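S.K.: One structure is given below, represented as structure tokens, and several questions about it will come after.
Just so it is clear, none of the values below were taken in a lab; they were calculated from the coordinates. All values derive from a computational prediction rather than experimental measurement. So basically every Cβ, Gly included, is an ideal-geometry build from the backbone, and we count neighbours across all protein chains shown.
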Ligand SMILES: C[S@@+](CC[C@H](N)C(=O)[O-])C[C@H]1O[C@@H](n2cnc3c(N)ncnc32)[C@H](O)[C@@H]1O
């Protein structure tokens, strides 16, 4: 049985000052302004630009948060900040934090959303700021590259299939799958604006001959085929229940007999109260998307059953659901 929260933990949950300090520091690009050598506040203020005395208070807080160092009135980056928060670092993750900052005002309208049940945004920030969207996908691609090959192996493909990666983004999964299965051919289907990045990533991986890019809107366009595997990874939570139902029907049509549909997403458990991260992610989707939602594996199984799939299983708890198209279909 889980223990009761202490009062200190309740306060901690309600405490966001440091969050906003970090997000603002990334927005102001404080860490790049400091760069490799420690600098005086006047120098940093000139580079940002910012008000000197206000900036000093801000930098002191960042020192206390262990993101900066301060010696003899010179501010330097901690090694973590140098690695992840200085723009020209190859491991820069600031784009993800910039996304959180861009969504800050939407979170401010959470009360209204709960009271009225109405969404406060009519377009996702990726649509209003495609450059930010592409930068975020670049970071997610770098992170996803570490787990992609293991995911591909766990699915135990025969290796020579044609795979459709629907809403495949930067091509993270398609690239990982092709690297694990030497005979596999993949098609990444995504919006034209995203495919510019995918093209770059596929080229960098040297997989142009095995990964085809198809530009389109999966809610409107045909998906081509036949494919032996269709993958839907992290796309369902941006859509309504009915949009997903229609998309799964389309995927069924595009699969060859004996083929399989694999859904990888952030599914809620049947109580709706776990996994804990996903319950908070559900609220994030509620305030930051026009009609997205987190679904349960049972919802995913329902879309598959009503589309004609057989042998439907939850391969990985609240994460991966698979259905087969029978050889007779
Ligand atoms: C969160 S990303 C997931 C990327 C990738 N599947 C992964 O797991 O890393 C969602 C992707 O779906 C794409 N997408 C969203 N709506 C789409 C649509 N209607 N048609 C095609 N692609 C779409 C976006 O461009 C984006 O690349």
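S.K.: Helix 276-288 versus the longest principal axis of the chain: what angle, 0 to 90°, nearest 10, using Cα atoms?
M.R.: 80
S.K.: Continuing with the same structure: So, in nm, how far is label residue 220 from label residue 199 when the simple model puts each one 7 Å beyond its Cα toward the Cβ?
M.R.: Between residue 220 and residue 199, the label points sit 2.0 nm apart.
S.K.: Moving on to the next point. What is the diffusion coefficient of the stretch 125-324 in µm²/s, taking the Kirkwood radius over Cα pairs and the Stokes-Einstein relation at 20 °C with a viscosity of 1.002 mPa s? Before the final figure, lay out each step's value.
M.R.: Values: Rh = 17.0 Å.
Answer, rounded: 126 µm²/s.
S.K.: So which residue, out of 179, 208, 12, gets the largest mean-square fluctuation from a GNM of the chain using Cα contacts under 10 Å as springs?
M.R.: Most flexible of the set in this elastic network: 12.
S.K.: In the stretch 7-86, what is the volume of the convex hull around the alpha carbon atoms, normalised per residue and reported in Å³? The partial results should precede the final answer.
M.R.: Numbers: hull volume 7.8 nm³, N = 80.
Hull volume over Cα atoms, normalised by residue count, gives 98 Å³.
S.K.: Cut-off 10 angstrom, C-alpha nodes, Gaussian network model of the chain. Which of 201, 65, 243 fluctuates the most?
M.R.: 65
S.K.: Now, a different point. Assuming R0 = 45 Å, can you tell me the calculated FRET efficiency for the pair residue 158 and residue 47, based on Cβ-Cβ distance, to the nearest 0.05? Write out the running numbers ahead of the final one.
M.R.: Working: r = 56 Å, r/R0 = 1.24.
With a Förster radius of 45 Å, E is 0.20.
S.K.: Indicate, rounded to the nearest 5 percent, the antiparallel portion of the DSSP beta bridges found entirely in the chain.
M.R.: 40
S.K.: Of the listed peptides 119-125, 137-143, what is their order by residue-averaged count of other C-beta atoms within 10 Å, with the highest listed first? Numbers along the way, then the final one.
M.R.: Values: 119-125: 15.3, 137-143: 17.7.
So the order, starting with the most tightly packed, is 137-143, 119-125.
S.K.: So what's the gap between the Cα centers of the stretch 17-55 and the stretch 281-329, to the nearest angstrom?
M.R.: 44
S.K.: Given the Cα-Cα distance of residue 118 and residue 253 and 0.36 nm per residue of separation, how much length would full extension add, in nm?
M.R.: Numbers: separation 135, 0.36 × 135 = 48.60 nm, distance 3.44 nm.
My answer for the length gained is 45.2 nm.
S.K.: Taking Rh as the Kirkwood radius computed over C-alpha pairs, what is the Stokes-Einstein D of the stretch 159-228 at 10 °C in a medium of viscosity 1.306 mPa s, expressed in µm² per second?
M.R.: Values: Rh = 11.8 Å.
Stokes-Einstein gives a translational diffusion coefficient of 135 µm²/s.
S.K.: May I pose another question? Could you check the simple spin-label distance between residue 129 and residue 291, using points 7 Å along Cα→Cβ, in nm with one decimal?
M.R.: Those two pseudo-labels are separated by 2.5 nm.
S.K.: Take 246, 101 and order them by how many other Cβ atoms sit within 10 Å, fewest up front. Before the final figure, lay out each step's value.
M.R.: On the way: 246 16, 101 19.
Neighbour counts put them in this order, fewest first: 246, 101.
S.K.: Cα atoms only: what Rg and Dmax, in Å, come out for the stretch 1-138?
M.R.: 17.9, 55
S.K.: In whole Å, what is the distance between the alpha-carbon centres of the stretch 175-205 and the stretch 130-173?
M.R.: Value for the Cα centre distance between the two parts: 8 Å.
S.K.: 222 nm [θ] for the chain, helices only, -39500 (n - 2.57) per DSSP H run of 4+, per residue, to 500? Could you put the intermediate results ahead of the total?
M.R.: Details: 16 runs with 159 residues, N = 329.
That calculation yields -14000 deg cm²/dmol at 222 nm.
S.K.: While we're looking at this one, here's another question. For the stretch 99-162, what are Rg and Dmax over the alpha carbons, in angstrom?
M.R.: Both quantities, over Cα of the stretch 99-162: 18.0, 52 Å.
S.K.: To continue, here is another question. Can you give the FRET efficiency to the nearest 0.05 for residue 209 and residue 17, using r as the Cβ-Cβ distance and R₀ = 41 Å? Walk me through the numbers before you get to the answer.
M.R.: On the way: r = 52 Å, r/R0 = 1.26.
The computed FRET efficiency comes out at 0.20.
S.K.: Shifting gears a bit: What distance in nm separates the two pseudo spin-label positions at residue 9 and residue 60, each 7 Å out from Cα along the beta-carbon direction?
M.R.: Taking the two extended label points, one gets 3.4 nm.
S.K.: Could you line up 287, 63 from fewest to most neighbouring Cβ atoms inside 10 Å?
M.R.: Working: 287 19, 63 15.
Ordered by Cβ neighbours within 10 Å, fewest first: 63, 287.
S.K.: In addition: Be a star and scan the stretch 193-230 for residues whose amide nitrogen sits under 19 Å from the point 7 Å along the Cα-to-Cβ vector of residue 242.
M.R.: 218-221
S.K.: Then there's this: If you average the sequence gap of Cα pairs under 8 Å that are 6 or more apart and divide by the length of the stretch 248-329, what percent do you get for the contact order? Mind showing how you got there, number by number?
M.R.: Values: 124 pairs, mean separation 34.1, N = 82.
Across the stretch 248-329, relative contact order equals 42 percent.
S.K.: Note down the Stokes-Einstein diffusion coefficient of the stretch 46-108 in µm²/s, whole number, using a Kirkwood radius over alpha carbon pairs, 37 °C, and 0.692 mPa s.
M.R.: Details: Rh = 13.3 Å.
In µm²/s, the coefficient rounds to 248.
S.K.: Related question: Tell me the relative contact order for the chain as a rounded percent, counting alpha carbon contacts under 8 Å between residues six or more apart. All intermediate terms of the calculation are to be shown ahead of the outcome.
M.R.: Working: 526 pairs, mean separation 40.1, N = 329.
The normalised contact order for the chain reaches 12 percent.
S.K.: Next up: Would you mind checking the tilt of helix 297-307 against the longest principal axis of the Cα atoms of the chain, expressed as 0 to 90 degrees and rounded to 10?
M.R.: Taking Cα atoms only, the helix is inclined about 30 degrees.
S.K.: I would also like to ask the following. Angle check, please: helix 130-154 long axis (alpha carbons) against the longest principal axis of the chain (alpha carbons), in degrees 0 to 90, nearest 10.
M.R.: 60
S.K.: Say we join alpha carbon atoms closer than 10 Å with springs in a Gaussian network model of the chain; which of 264, 27, 39 then has the biggest fluctuation?
M.R.: 39
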